[in-house]
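What follows is a set of notes on a single structure, which appears directly below.
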Amino acid sequence: MAGFLDRAKEQAQRSMAQGKEKLEEVQAQRAGGDLLKKLGAAYYAERRGAGTPESTHQALSALEAHIAVHGDSFLRGA
């Protein structure tokens, strides 16, 4: 019986770890999408005369930093 409980506990821990990884992946994808939207908004504002090149550059830098850490997989869904 103890062996069964140990295996069940191990399986539960693996499932929890997989769930946490998936959650982190989804959160990173969502954050990347948000940064991409901010870049688009900054670029649009700049082109319309309401924004500055600096704000566009800052948005681009933030997006590039996110991609360096999390990858660019969120771009495939855009």
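Where a number appears in this text, it was derived from the coordinates with a stated rule and is not lab data. These numbers were taken from a predicted model, which means no experiment stands behind them. Backbone-built Cβ (ideal geometry, glycine too); neighbour counts: all protein chains shown.
Quickly run through region 24-63 and pick out the residues that are over 17 Å from ARG76 (Cβ atoms) and among the acidic types (Asp, Glu).
Hits for region 24-63 are GLU24, GLU46, GLU54.
So is GLY33 surrounded by 10 or more Cβ atoms within 10 Å (Cβ to Cβ) and in a loop (DSSP other than H, G, I, E, B) or not?
For GLY33, the condition - surrounded by 10 or more Cβ atoms within 10 Å (Cβ to Cβ) and in a loop (DSSP other than H, G, I, E, B) - is not met.
With the condition kept exactly as written, say whether any residue in region 1-18 is within 20 Å of VAL69 (Cα to Cα), surrounded by 13 or more Cβ atoms within 10 Å (Cβ to Cβ) and either within 12 Å of the chain's Cα centre (by Cα) or free of Cβ contacts under 8 Å to residues at least 12 places away in the same chain (or both).
So far as region 1-18 goes, no, none of its residues is within 20 Å of VAL69 (Cα to Cα), surrounded by 13 or more Cβ atoms within 10 Å (Cβ to Cβ) and either within 12 Å of the chain's Cα centre (by Cα) or free of Cβ contacts under 8 Å to residues at least 12 places away in the same chain (or both).
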